[in-house]
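Report on one structure; see the data block that follows.
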Amino acid sequence: RSIFKVNKGSAEKSKKMSKEEKLFRETFMYNKEISVINTAVAQCSVPSKRRVDLPVTAGEQLDVIDTTEGNEVICRNAEGRYGYVLVEHLNFR
């Protein structure tokens, strides 16, 4: 019975992740396949100024999904949220 509880939690997390992905695709008009091209660690905490920005905390690990023309990259955090992060706030290892 405890197996079902774990699966229920995983199912809820998966449902939330797919909801975040759908929101991301609609907001960013992103129709490419989502794949992680790199990982980075946030050097400092930065609140979001726009709806499309991803708020980050210092030391948080992020998946880099795509690059942009400017100095921003599209990232995903551990909670499955997507948004723009300035490259200068990230440390690539």
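General observations
- Cβ-based charge dipole, the chain, positive-most Cα from 91, 48, 80: 80
- For region 73-83, putting each phi into the Karplus relation 6.51 cos²θ - 1.76 cosθ + 1.60 with θ = phi - 60° gives couplings of 10, 8, 10, 10, 8, 5, 7, x, 7, 10, x Hz, in residue order, rounded to whole numbers and with x for Gly and Pro.
- The charge dipole of the chain, taken about its Cα centre with unit charges on the Cβ atoms of Lys, Arg (+1), Asp and Glu (-1) only, comes to about 680 debye.
- In loop segments of region 5-85 as defined by DSSP, the trypsin sites (Lys or Arg not before Pro) with at most 10 further C-beta atoms inside 10 Å of their C-beta are 32, 49, 50, 51.
- Degrees separating the helix 2-28 axis from the principal Cα axis of the chain, which is the longest one: 30
- Annotation note: chymotrypsin sites (Phe, Trp or Tyr not before Pro) in region 8-93 located in DSSP loop regions with a Cβ neighbour count of at most 16 within 10 Å are 30.
- Between the listed residues 68, 39, 24, the Cα displaced farthest toward the positive end of the dipole of the chain, a dipole computed from Cβ unit charges relative to the Cα centre, is found at 24.
- Highest-fluctuation residue, 70, 59, 80 considered, GNM on the chain with Cα pairs under 10 Å: 70
- Rolling a 1.4 Å probe over the protein heavy atoms gives the chain an accessible area of 72 Å² per residue.
- In region 12-51, the GluC sites (Glu not before Pro) that fall in loop regions by DSSP, at most 12 other Cβ within 10 Å: 33
- With every protein chain in place, the chain: carbon and sulfur % of accessible area (1.4 Å): 51
- Identified option (computed Rg/Rh (Cα atoms, Kirkwood Rh); candidates (1) 1.03; (2) 0.98; (3) 0.93): (1)
The values are calculated or read from the model by the stated rules, or taken from the named source; none is laboratory data. Computed from a predicted structure; not experimentally measured. Backbone-built Cβ (ideal geometry, glycine too); neighbour counts: all protein chains shown. Only protein heavy atoms, including side chains, enter the accessible area calculation; ligands, DNA and RNA are left aside. Shrake-Rupley method; radii C 1.70, N 1.55, O 1.52, S 1.80 Å.
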